[in-house]
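K.L.:
Quick one: this structure, given as structure tokens, is what I'll be asking you about.
Just so you know, all these numbers are worked out from the coordinates, no wet-lab data involved. Here the structure is a predicted model, which means the values were calculated and not measured. Virtual Cβ from ideal backbone geometry, glycine too; neighbours counted across all protein chains shown.
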Amino acid sequence: MEDKYNHLAVEKAAQAEWTARDAYRVTEDARKKKFYACSMLPYPSGKLHMGHVRNYTINDMLTRYLRMNGYNVLMPMGWDAFGLPAENAALKNKVPPAKWTYENIAYMKGQMQAMGLAIDWSREIATCDPSYYKWNQWLFLKMLEKGIAYRKTQVVNWDPVDMTVLANEQVIDGKGWRTGAVVEKREIPGYYLKITDYAQELLQFVQEDLGGWPERVKLMQENWIGRSEGVRFAFTHDIQGEDGKAIGDGRMYVFTTRADTIMGVTFVAVAPEHPLATHAAKSNPKLAQFIEDCKKGGTTEAELALKEKEGMPTGLRVTHPLTHEPVDVWVGNYVLMGYGDGAVMGVPGHDERDFAFALKYGLPIVQVVHVDGEEYDYKHWQDWYADKENGVTINSDIFSGFKYQEAVNAVAHHLEQKGLGEKKTTWRLRDWGISRQRYWGTPIPIIHCDVHGAVPVPEKDLPVVLPQDCVPDGSGNPLNKREDFLACTCPVCGKAARRETDTMDTFVDSSWYFMRYCDPKDDARMVAGGTNYWMPMDQYIGGIEHAILHLLYARFWTKVMRDLGLVKIDEPFTRLLTQGMVLNEAFSRTTTGKQYYWAHELDVQRDEHAKVISATAKADGQPVTYEGWTTMSKSKNNGVDPQDLIEKYGADTARLYTMFTAPPEATLEWNDAALEGSYRFLRRVWNFGVKLGAGSETKAASYGKQAQALRRELHTVLKQVDYDYQRMQYNTVVSGAMKMLNALEDFKGEGDAGAGAALREGFGLLLRVLYPVTPHIAHGLWKELGYATAAGELLDAPWPRVDEAALRQDEVELMLQVNGKLRGSILVPADAGKAEIEKIALASEGFAKFGGGASPKKVVVVPGRLVNVVV
């Protein structure tokens, strides 16, 4: 055993043993209680970052702890390998995305192995492997058969540089998230999945079944699904199209949750793509230009909420369904065709957005709701205008004098009687468009025939294999230039046909990969017996940034698989942990553009609390701007390379630091000094092991007082640590291990009965407590010091049990007071009664010294704390 802690040698030896044993391969075992712990699979970007290190260490600690407690634990890993970043890298480096992706996978896998993670690599998957995405295609065809998948033309966000459709979330300030190009709205055909058919069930399970999820994530899911109760009704009109027929059968529908304000409608606004807008634009060039301008920019609700509301009158009018008065039709840049019917009623008196719009364009404002004690101001918005809890309708003819729900019910009934409306439940959730005009993704298994149209690829011909040697050149999807991919025959008529070149949204890949881990080698079935054994997943771990779309799509995909008879579960994830981000300080300077600096390039001045006062660049001595704590990023030059850290300090130090510095859910602020502290702690652990030396005795026939005190302290900490492991409070697990080492180092009971046994038992407890977080050093010391001889390899050693007998105290220490002043302490039997405690107190040296020889008037005993003698 080396005298000094050599982390490289220790970690290399431990990993070699685990690899030789194939220590982490897991099989289904009905005799054991299963536990499936999974981290969200990474995108193979090239290198791990510290967020990965933190995420996987959390998972690894859970896995090792549960394995020591007798569970059959699965911790798999794979690669979310399709997607646009690989195409962008290929474009930059002029290599196929496949080559770039597989090289990155190999490097990142090596980094994970260097971390000592307990991953069952026999279950590894890559979503770009045909054996995986075959089942994306297979299930898509099953959904097509069931009507869950369908093809339609819809307005989409189009990035003119990447030449692809963007999801709403990829449009930022009206521009493509990657290119920065102004996004256009286009109508193109694509495939959609009917996630809206599952909206009620998705919402119900959020509200009733996901008890192991963070409340904020459940709220985010609930808001995204967005159930609204309201009234859908029509404004009638006689506006005719070119065919001489009334557009939309003479009805322009809207949906509102505020039917109580219907008598306050002073205008209606339609989306730029609405048929009435299109009709009006044909004879109005200014309106046509306005509509074209509206098609630029994003379509997210959040974005539109921040965007200045603009509109233009169409010159058209529709008829109010209750007053029968004409209502002007405007085109509004804030109205989305994809939401509801692409039209909204304008009630400036009681909607803040409409109020601002009416003031801007000089439209009428009518108050139709009153709240007692409030005075309406037609020039300034007040929050009470939208109050539906305390408001009463006014200026509303037969609907005046009603509270909110009464008014809604009355209006809905009246509209229904007229055949113009009805109560309706709507959803914010929209069907999932999965078509992407990109190369590096799962080919959509469709063949286009001039005679038979879009024809599904026969199941026997799956997978439709994506060519892996394409090199994108920035001119759109390279599959459109691959005749060997495009050319095929129609499965129906046998005539020449063309393959679909759109590929699937990569959220498809990540919607079920966790199930494939359970049956990764089954070529005949998408999922099988392994899925029945392991699912639902017991613990899912990942970033809060995936709290909406990925989790929602995975839940939907699971329910579809259930309805197709593939799985027996309703929800995929029993518990969810969203780990906090890893932050570091960022420094920049703006000249022609923003330049970021590495910390080693700067001279940084700090105050006594280590807060940054100023910073200058070493190269020129000029000041730079301190941007504060931000997420680690290559682009901001504030990342920490895990590989460098592992080589300098070891994987165990990296693991210990990321677990100790903050609770798993909290953000972690990087601190080099604290990292050094973690390394020093592990050196202390090693040095104590060297000092202790090899042996076998961990129990003694009897223990002296000092040995008893040591065992009591260690088992008390163990009890808390075990509780912290169960609740995944890993920062306090590490602090508990530190308390254990302090107690062992401070032990002064040489010569005390059982001292050596107490030390060896205590160090064995410490190694098992530390093993899930720092497995390499714990494994090495366990073996070198002879613990493995008696208890077996640490990998399979049972979790230590608290010795309740060690927690019992023969004596307790009580503070001694004389006339209320502290005068020392006394030891009394743990089970001593009041009379015995009084007797010991009066016979103590402290009372003799400070009692002044006086007779006690009264003795007050506070059990477990103190004795106060009054003289």
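K.L.:
To the nearest Å, what is the center-to-center distance of the stretch 724-770 and the stretch 661-677, using C-alpha atoms only?
P.N.:
23
K.L.:
Now for a separate question. Expressed as a rounded percentage, what relative contact order does the chain have, with Cα pairs under 8 Å and six or more residues apart? Provide the component values of the computation, followed by the final result.
P.N.:
Details: 1588 pairs, mean separation 115.4, N = 871.
Over the chain, the number comes to 13 percent.
K.L.:
For the stretch 488-527, run through the trypsin sites (Lys or Arg not before Pro) and keep only the ones in DSSP coil with at most 11 other Cβ atoms within 10 Å of their Cβ.
P.N.:
Details: sites: K495, R498, R499, R516, K521, R525; in loops: K495, K521, R525.
Loop-located and lightly packed - K495, K521.
K.L.:
Averaging sequence separations of C-alpha pairs under 8 Å and six or more residues apart, then dividing by the length of the stretch 590-687, give the relative contact order as a whole percent.
P.N.:
16
K.L.:
What angle, in degrees between 0 and 90 and rounded to the nearest 10, separates the Cα long axis of helix 352-361 from the longest principal axis of the Cα atoms of the chain?
P.N.:
40
K.L.:
With an 8 Å Cα cut-off and a minimum separation of 6 or more residues, compute the relative contact order for the stretch 792-871 in percent. Please report the intermediate quantities before stating the final value.
P.N.:
Numbers: 109 pairs, mean separation 25.0, N = 80.
Reported relative contact order: 31 percent.
K.L.:
Right, next: Bins of 20 Å, beginning at zero and ending with the bin holding the largest distance: percent of Cα pairs per bin for the chain, please.
P.N.:
12, 33, 32, 17, 6, 0
K.L.:
Grab the DSSP H runs of the chain that are 4 residues or longer, score each as -39,500 (n - 2.57), total them, divide by all residues and round the 222 nm result to the nearest 500 deg cm²/dmol.
P.N.:
On the way: 28 runs with 308 residues, N = 871.
That calculation yields -10500 deg cm²/dmol at 222 nm.
K.L.:
Pairing the Cα long axis of helix 775-784 with the longest principal axis of the chain, what angle in degrees results, from 0 to 90 and rounded to the nearest 10?
P.N.:
Between the helix axis and the principal axis of the chain, the angle is about 30 degrees.
K.L.:
Calculate how steeply helix 672-692 sits against the longest principal axis of the alpha-carbon atoms of the chain, using the helix alpha-carbon long axis, and give the answer as 0 to 90 degrees to the nearest 10.
P.N.:
40
K.L.:
OK, next. Which of the trypsin sites (Lys or Arg not before Pro) across the stretch 359-422 are loop residues per DSSP, with 11 or fewer other Cβ within 10 Å? Could you put the intermediate results ahead of the total?
P.N.:
Working: sites: K360, K379, K388, K403, K418; in loops: K379, K388, K418.
Listed in order of number, the matching sites are K379.
K.L.:
Tell me which trypsin sites (Lys or Arg not before Pro) from the stretch 595-686 have a DSSP coil assignment and no more than 14 other beta carbons within 10 Å of their own. Before the final figure, lay out the partial values.
P.N.:
On the way: sites: R606, K611, K618, K634, K636, K648, R655, R680, R683, R684; in loops: K611, K618, K634, K636.
Of the trypsin sites (Lys or Arg not before Pro), the ones in loops of the stretch 595-686 whose Cβ has at most 14 other Cβ atoms within 10 Å are K611, K618, K634.
K.L.:
Mind listing the phi-derived Karplus ³J(HN,Hα) values for the stretch 373-381, rounded to whole Hz, using 6.51, -1.76 and 1.60 with θ = phi - 60°, and x for any glycine or proline?
P.N.:
Result, ordered by residue: x, 10, 10, 7, 10, 6, 9, 9, 6 Hz.
K.L.:
Might you report the magnitude of the Cβ-based charge dipole of the stretch 660-806 about its Cα centre, with Lys and Arg at +1 and Asp and Glu at -1, to the nearest 20 debye?
P.N.:
Working: 16 positive and 18 negative charges, 61 e Å.
Rounded to the nearest 20 debye, it is 300 debye.
K.L.:
Take every DSSP beta bridge whose two residues both sit in the chain, then give the antiparallel share in percent to the nearest 5.
P.N.:
Details: 87 of 111 bridges.
Antiparallel bridges: around 80 percent, rounded to the nearest 5.
K.L.:
Let me ask you something else. Principal axis extents for the stretch 92-184, Cα atoms only, whole Å, descending order, please.
P.N.:
Taking max minus min along each principal axis of the Cα atoms, the stretch 92-184 gives 47, 39, 25 Å.
K.L.:
Could you give each residue of the stretch 401-411 its phi-based ³J(HN,Hα) in whole Hz, using Karplus coefficients 6.51, -1.76, 1.60 with θ = phi - 60°, and x for Gly or Pro?
P.N.:
Result, ordered by residue: x, 9, 6, 3, 5, 4, 5, 4, 4, 5, 4 Hz.
K.L.:
Related question: Where the centroid of each part is defined by its Cα atoms, how far is the stretch 553-597 from the stretch 178-254 in Å?
P.N.:
23
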